[in-house]
Protein chains: 2
Amino acid sequence: MVPHLTTSLTGPLQDLERLVLDRRPEIERWFRSRFSEHEVPFYSSVDLRNAGFKLAPVDTNLFPGGFNNLNPDFLPLCVHATMSAIQKLCPDAQKFVLVPENHTRNLFYLQNVATLKRILEGAGLAVRVGSLIPDLAGPTEFETAGGDRLLLEPLRRNGNRVGLEGFDPCAVIVNNDLSGGVPPILAGLEQTVVPPLIAGWSTRRKSQHFHAYDTVAEDFAELIGIDPWLVNPVFSQCSAVNFAEKEGEDCLAANVEYVLSEVREKYAQYGITEAPFAIVKADAGTYGMGIMTVKSADDVRNLNRRTRNKMSVIKEGQQVNQVIIQEGVYTFEDVDGAVAEPVIYMIDQFVVGGFYRVHNARGKDENLNSPGMEFRPLAFETDCHSPDCAGAPGDPPNRFYTYGVVARLANLAAAVEIEEMGVRADEEAAALAATA
Amino acid sequence: MVPHLTTSLTGPLQDLERLVLDRRPEIERWFRSRFSEHEVPFYSSVDLRNAGFKLAPVDTNLFPGGFNNLNPDFLPLCVHATMSAIQKLCPDAQKFVLVPENHTRNLFYLQNVATLKRILEGAGLAVRVGSLIPDLAGPTEFETAGGDRLLLEPLRRNGNRVGLEGFDPCAVIVNNDLSGGVPPILAGLEQTVVPPLIAGWSTRRKSQHFHAYDTVAEDFAELIGIDPWLVNPVFSQCSAVNFAEKEGEDCLAANVEYVLSEVREKYAQYGITEAPFAIVKADAGTYGMGIMTVKSADDVRNLNRRTRNKMSVIKEGQQVNQVIIQEGVYTFEDVDGAVAEPVIYMIDQFVVGGFYRVHNARGKDENLNSPGMEFRPLAFETDCHSPDCAGAPGDPPNRFYTYGVVARLANLAAAVEIEEMGVRADEEAAALAATA
């Protein structure tokens, strides 16, 4: 089962898909060359929106959950890619502790942890799960949504190392987005930590990611000769917003107007008659929290109390004061009348699978990654590396290949983004040392 | 469908399998470390023999055919592994010419070429097939055993490059074992050639491979604490044999006796009551040519004319004068009463699949890789990276994982072997330059 594209405006996208298929060898060489220049994230997932006339990433997750939603037939791909990633990042390590989110009631998330553990074990690693849950008294077994049994053990600090009772790992694999900041137990470890803690949401900003993505998308667009807008959402940002106190509204309104006018111009250029919209998101937000859809600058003035409350606090109770205003990309894919958006998974530089987030209760201009489990996952039926060049654009293997290409652009942007964060952190540390 | 092990002597092998499963993280780390020290062959296939009490490689092919025999479900694994190999060997290349064997009447071989082409294209390479067939007048389409259409084009030399009409490739992928020597058209190219021509059978020797394998097997055996003999066939060699002229018989007889006596000792040690046997093979032989089974030193004296003829000439009409005498490893796997031996495929450092060579007309002490297509392939049903540690040794996923481990030992030995050949070739070139 594959979602239908329910827009007639598929001309530009089918052109894009055709171009991506035709220029495949150049595109793959370009990726090889770019990925050899940067340290690729250990793993990532990218939310795409497919408007028919445009295909773009709207969020890149460096601590992806949802591995349980992938087609189990392709787990061997995850295993191969993990072997490759480990070979690059920490070839000497064999014992790993996997540090998940603290959700123990989200049985789907626990299933994700069990799946990740199986993938890591498939790559021949010895893996145990070390939990940050403060009141986890001792090793505790949970049953996941898939019926697997998963043992969570309390993570313990010992000098400059973390470990479990009777288990001293060589490396730490983090599947916790660190929205609440880097927990002291993980700070300053001598063990390899993958991904680096700097990639957590206490330091990461969506605007920095999309800033890096701008350059990647431009380079890619030049490579295949397209308008970069076809794969890149316009965005802007505000950095002194307080929804609760109604501060920063002017900045918000001005930037919403800027984004909408840019989109309006593009829509006119391509003859798109839909209404432009924008998404306002917490710049460090995740889990679908702190997000709203706006269609005019007025929409961000005079927000009602409920929306202001919703927008002011995100995961782990963090206050929102930086926001990104991103072009809304319609999702014109639909499954049985429900809106669907693709999520692509990568390990190392490899696309390992994907699924559709299918949402009955949401519109084609809304965020589908809601808190909780309201969406229904629909695993891709084929892998993302087997386009059928004789087939039509829009055929699932071709559409999936194109998804994989755009998702890898976002992955490359994440690599650049983390690198730049590392440089900034080093500079700050040096400045601090100089003044000390 | 999975072959049955038809021997009761499975104790030591089940011990080996149990050990391999239990020590998996150490084994995988060991492979990561070893493979990072050597340039892994681009691709390879390894013939294994599974005697129940012993599991060992008996031949390692660096220009593997038979990709058409793999389970098509796992072609995405081949694609991932190829992406990884290309990233290491020639990241900048995007256009490749694939140079196959000259067999145009073996439709299964042509199917292998079509499959390889699909895998390379899956990795995003532009691939055309450049044939060495002398009388191929122009581009000619063939239909393969699988019904695919395959275009062979005459390979052309242009200065220090090869290419096809209107196609100037960046790299050459060789699927021709070069038994007849390196064709002048491929010598001294400025393009990257993968695998290196030195790996062809005009320079390669089985004895050198198994010499390298001795060290690898010993290191591995030490790692997991086993007798290296359990994964390593005893071998010896003779280098001045002429079967047609009955020269070198004494050397042959002495070495057969040496190998058999070593095996006899091991059989006694492990309580194995089967009769030891040895395989005499052309040291540069391939395609199952120039091979015979012997059970005593007398067997190599007084060979009849037919056997002498069979042993004296191998593929491409090459004369045999170097032979390897290798411990025969019984194959105690059987499918519906027919003898079966596993063949494992690797691309880069990854096991990508395998199949059983099933042969009705051969015995458990005979070579199953006969000229032509007398064997029936049986693709592995699962990949080789998903052992079920809770399952019993002998369960297919566990047996396949163990096959993959032993095959990777042979792959590692091939890496060392090619490296040593390169060093020798450089030394010879330097010596030649010094005397010039």
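What follows is calculated from the coordinates using simple rules that are stated; it is not laboratory data. Note that the structure is a prediction, hence the values are computed from the model and not measured. For neighbour counting, all protein chains shown are included, and Cβ atoms are generated from backbone atoms with ideal geometry for every residue, glycine included.
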task = Work out the length of the dipole vector of chain A about its Cα centre, built from +1 on the beta-carbon of each Lys and Arg and -1 on the beta-carbon of each Asp and Glu, and round it to the nearest 20 debye.
result = 780 debye
request  = Please name whichever of A:Val335, A:Gly317, A:Val256 sits farthest to the positive end of the charge dipole of the stretch A:251-384, dipole taken about the Cα centre and charges placed at Cβ: Lys and Arg +1, Asp and Glu -1.
outcome  = A:Gly317
remark   = The answer for B:Val352, listing residues at least 5 apart or on another chain whose modeled amide H is closer than 5 Å to its amide H, is B:Tyr345, B:Met346, B:Ile347
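If you place +1 on the Cβ of every Lys and Arg and -1 on the Cβ of every Asp and Glu, how big does the dipole about the Cα centre of the protein assembly as shown come out, in debye to the nearest 20?
Numbers: 78 positive and 116 negative charges, 138 e Å.
Result for the protein assembly as shown is approximately 660 debye, rounded to the nearest 20.
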query = Once Lys and Arg get +1 and Asp and Glu get -1 on their Cβ, which of A:Ala434, B:Asn158, B:Ala425 lies farthest toward the positive end of the dipole of the protein assembly as shown?
reply = B:Asn158
key: Built amide H within the under 5 Å cut-off of A:Asp59, gap 5+   = A:Asp47
query = If you find the alpha carbon centre of the stretch A:227-259 and of the stretch A:287-312, how far apart are they in angstrom?
reply = 12 Å
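Grab the DSSP H runs of chain A that are 4 residues or longer, score each as -39,500 (n - 2.57), total them, divide by all residues and round the 222 nm result to the nearest 500 deg cm²/dmol. Walk me through the intermediate numbers first.
Numbers: 8 runs with 146 residues, N = 436.
Helix-only estimate at 222 nm: -11500 deg cm²/dmol.
Taking a ≥ b ≥ c as the square roots of the Cα gyration tensor eigenvalues, with a/c under 1.5 meaning rounded and otherwise prolate when a/b beats b/c, else oblate, which class fits the stretch A:141-202?
Numbers: a/c = 2.22, a/b = 1.30, b/c = 1.71.
Judged from the Cα gyration tensor, the stretch A:141-202 comes out oblate (a/c at least 1.5, b/c at or above a/b).
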ask   = Assuming R0 = 41 Å, what is the FRET efficiency of B:Tyr270 and A:Arg157, from their Cβ-Cβ distance, to the nearest 0.05?
value = 0.25
request  = Work out from phi, with θ = phi - 60° and the Karplus expression 6.51 cos²θ - 1.76 cosθ + 1.60, the ³J(HN,Hα) of each residue of the stretch A:15-27, listed in order in whole Hz, and give x for Gly and Pro.
outcome  = 4, 4, 4, 4, 5, 4, 5, 5, 9, 3, x, 5, 4
message = Which of A:Ala392, A:Ala410, A:Ala81 ends up with the largest GNM mean-square fluctuation for chain A, with Cα atoms connected below 10 Å?
response = A:Ala392
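Out of the stretch A:176-255, which GluC sites (Glu not before Pro) are coil in DSSP terms and have no more than 15 other C-beta atoms within 10 Å? Each step should come with its number before you reach the end.
Details: sites: A:Glu190, A:Glu218, A:Glu222, A:Glu245, A:Glu247, A:Glu249; in loops: A:Glu190, A:Glu245.
Within the stretch A:176-255, the qualifying GluC sites (Glu not before Pro) (loop, at most 15 other Cβ atoms within 10 Å) are A:Glu190, A:Glu245.
Kirkwood hydrodynamic radius for chain B: how many Å is it when counted over pairs of different Cα atoms? Show your work: numbers first, answer last.
Numbers: mean 1/r = 0.0447 Å⁻¹.
Computed over chain B, the radius equals 22.4 Å.
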request  = Output the relative contact order of chain B, whole-number percent, from Cα pairs under 8 angstrom with separation of 6+ residues.
outcome  = 22 percent
ask   = With charges set only on the Cβ (+1 for Lys and Arg, -1 for Asp and Glu), what does the dipole of the stretch A:47-101 come to about its Cα centre, in debye to the nearest 20?
value = 140 debye
query = Sorted from fewest to most neighbouring beta carbons within 10 Å, what does the list A:Asp47, B:Asp334, B:Asp298 look like?
reply = B:Asp298, B:Asp334, A:Asp47
Given chain B, longest segment not containing exposed loop trypsin sites (Lys or Arg not before Pro) (DSSP; at most 12 other Cβ within 10 Å) = B:247-436
request  = State, to one decimal in nm and shortest first, how far the label point of B:Glu37 sits from each corresponding label point in the other identical copies (label point: 7 angstrom along Cα-to-Cβ).
outcome  = 3.4
task = Please report how far the C-alpha centroid of the stretch A:178-218 lies from that of the stretch A:52-81, rounded to the nearest whole angstrom.
result = 19 Å
task = Answer with one residue from A:Leu16, A:Gln349, A:Ile185: the one whose Cα lies farthest towards the positive end of the charge dipole of chain A, charges on Cβ with Lys, Arg +1 and Asp, Glu -1.
result = A:Ile185
message = Multiplying the sequence separation of A:Ala430 and A:Ala240 by 0.36 nm and subtracting their Cα-Cα distance, what value in nm do you get?
response = 65.7 nm
ask   = Which links in A:Lys54/A:Lys310; A:Lys95/B:Lys364; A:Lys54/A:Lys246; B:Lys246/B:Lys315; A:Lys281/B:Lys88 stretch past 32 Å when you go from one Cα to the other?
value = A:Lys95/B:Lys364; A:Lys54/A:Lys246; A:Lys281/B:Lys88
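Please state the relative contact order of the stretch B:255-347 as a whole percent: Cα pairs under 8 Å, 6+ residues apart? All intermediate terms of the calculation are to be shown ahead of the outcome.
Numbers: 116 pairs, mean separation 28.1, N = 93.
Worked out over the stretch B:255-347, it gives 30 percent.
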ask   = If the label for A:Val313 sits 7 angstrom from Cα along the Cα-to-Cβ line, what are its distances to the same label in every other copy, in nm to one decimal, shortest first?
value = 8.9
Distance in nm between pseudo-label sites at A:Glu247 and A:Thr307 (7 Å out along the Cβ direction from Cα) = 2.1 nm
inquiry  = Defining the label point at 7 Å along Cα→Cβ, can you sort the distances from A:Ala430 to the same site in each other copy, shortest first, in nm?
reply    = 4.2
ask   = If you build a Gaussian network model of chain A, linking Cα atoms that sit under 10 Å apart, which residue out of A:Leu197, A:Leu89, A:Leu223 swings the most?
value = A:Leu223
